[in-house]
Amino acid sequence: TRFFTVSEYRSDSETPQSGGKIGRVLGPVPMYGVEWPYINYTPPKCHEVETPRPCDYPGDQRLKRRVVKLGDECSMALVWVPPGEFIMGSTLEEAHDDFLGIMSPEIKRTLVRITKGFWMGESPITKLQWREVMGGPPNHYTGRYLPNEAMEYVSWNDIAKRSKTRALSVVRRENKQYYLEILNERFGDDARLSFALPTEAQWEYACRAGTYTAYSFGDSEADIDKYAKTNNGTSGDNYDVMYRRPNRWGLYDMHGLVAEWTSSWFSGEEYPGGSVCDFDGPPSGKLKAVRGGSSASSPLMCRSAYRSGEKPDTRMGGLGFRVIATDI
């Protein structure tokens, strides 16, 4: 977990496109209104910028991609997400709903710098990809098995919890279902990759793909059916991954279909504001951050900035995940 000092800022312009200064550091303040145990830790400082600097590619040129073979008829495609900067969160106008009110966890926009690039799954993990890694479906899973549908009914613990021992034979003998642990054991060394869940910041950065709009394709819900499976009744009955259009960085189903677990803890508080490097939220908590919305979610809850939290042992329909990987 990364710890950092949080700074408030004064915004001279509401949107980065206008060319105004995004923020000016006024001084460190405690985050989430609590005294952090590492509040005196000196973090790597992000530079002051007029607008977020562009990443290695703006999104429209040929994308860097690699494929990890999981079985004779199964593979996992990963897309390169380069380092860069973005504005995390949403405006008050975007975060307001006449029925729900202000969605406070996503306001107080913050300039976040992603200091290291990473690979991200082209789509959420499918049921076939789960079966190939784990040797079968989870014991508790009683849903239908269609290989190209996103895996669901898996908790954060099922995915990211670690066994007391690293021995793969012991993990299987105890019938544990820690997907990332076995994925790394079986395929990490050969692929020269370390697999993990994305942080909230990594997820939103990849979802936005260089945009500052409500969705990666713009502000209007009119085009959402081309990119997302939601509950609006007009997005069709196909639940396969990669059935709809990707964002500019080649990532599919970042909006809708299944909500996605992240590695970050979720406090329900607003963002810190100012500028931070590799934002990862509070160091502990009771809920894990969930992003993206599902096929049962309204378009409002499938926006790039929308965030919520679930207990790590929660299993439910419409809740899945995608992985990231770093080179080793």
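The values are calculated or read from the model by the stated rules, or taken from the named source; none is laboratory data. Worth saying up front: this structure is predicted, and the values here are computed from it rather than measured. Because the Cβ atoms are built from the backbone with ideal geometry, glycine has one as well, and the counts that use them run over all protein chains shown. These area figures cover heavy atoms from the full protein model, side chains too; ligands, DNA and RNA do not enter into them. Shrake-Rupley method; radii C 1.70, N 1.55, O 1.52, S 1.80 Å.
General observations
- Residues in the range 189-328 average 35 Å² of solvent-accessible surface per residue, probe 1.4 Å, ligands and nucleic acids excluded.
- If you sort Leu300, Leu146, Leu78 by accessible surface, 1.4 Å probe, largest first, the order is Leu146, Leu300, Leu78.
- Environment charge at Met254 (Cβ cut-off 10 Å; Lys +1, Arg +1, Asp -1, Glu -1): 0
- Net charge over other residues, Cβ less than 15 angstrom from the Cβ of Tyr243 (K, R count +1; D, E count -1): -1
- Magnitude of the charge dipole, the range 151-308, Cβ model with Lys/Arg +1 and Asp/Glu -1, debye to 20: 500 debye
- Ordering Gly274, Gly318, Ile328 by Cα displacement along the dipole of the range 253-328 toward the positive end leaves Gly318 in first place; charges were set at the Cβ atoms of Lys, Arg (+1) and Asp, Glu (-1).
- Area of Lys69 that stays accessible when all protein chains are in place (1.4 Å probe, Å², to 10): 130 Å²
- Put a dot 7 Å past the Cα of Lys311, heading toward its Cβ, do the same for Ala222, and the two dots end up 4.4 nm apart.
- Computed with a 1.4 Å probe on the full set of protein chains, the accessible area for Leu287 sits at about 50 Å².
- A simple spin-label model places the labels of Thr213 and Arg192 3.8 nm from each other, with each point 7 Å out along Cα-to-Cβ.
- Using a Förster distance of 30 Å, the FRET efficiency for Leu63-Leu92 (Cβ separation, nearest 0.05): 0.35
- Spacing of the two label points (7 Å from each Cα toward its C-beta) at Lys116 and Arg245, in nm: 3.4 nm
- Amide hydrogen neighbours beyond the local backbone of Tyr271, cut-off 5 Å, H modeled: Ile107
- Across the range 296-307, coupling constants 3J(HN,Hα) worked out from phi with the 6.51/-1.76/1.60 Karplus curve, θ = phi - 60°, read 9, 8, 6, x, 4, 8, 10, 5, 4, 8, 5, 9 Hz, and Gly and Pro carry x.
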